[in-house]
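To keep things clear, I will list the structure first and then write my remarks on it.
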Amino acid sequence: MKITDDYKAKFRTWVNNPVVVALPEFPKLPAFPSQKFRSHEEMNRWKQSLLRQVAHLGKL
C-alpha cells in the first residue's frame, strides 16, 4: 500500500521520526493595569498600541 493511499501514514511517520524543535524566546508582555473601555473601538485602539509595543520588543 502506498503512503498516499493510507490516511494514517503521516501520523505513523511522525511517531517513528519525532523532531523536537526549540521554541524561540518571546518578549515579556508590558505590564498593563485592569481597564474599562467605553466602546469596542476604544478597546481595539488600546489593543493595537499594545501589539505595537510587543512587536517593537520582539525586534530588539
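The values are calculated or read from the model by the stated rules, or taken from the named source; none is laboratory data. For clarity, every value in this text was computed on a predicted model and none was experimentally measured. So basically every Cβ, Gly included, is an ideal-geometry build from the backbone, and we count neighbours across all protein chains shown.
General observations
- For segment 1-46, a residue qualifies if it is in contact with a helix residue (DSSP H, G or I) (Cβ under 9 Å, 6 or more places away or on another chain), within 19 Å of Leu57 (Cβ to Cβ) and among the aliphatic types (A, V, I, L, M), and exactly one does: Leu29.
- Condition met for Ser34 (polar (S, T, N, Q) and assigned to a helix (DSSP H, G or I)): no
- Restricting segment 1-55 to residues that are of a type in the set (D, E, K, R), surrounded by 10 or more Cβ atoms within 10 Å (Cβ to Cβ) and under 18 Å from the mean Cα position of the chain (by Cα), the residue that is modelled with the highest pLDDT: Lys47
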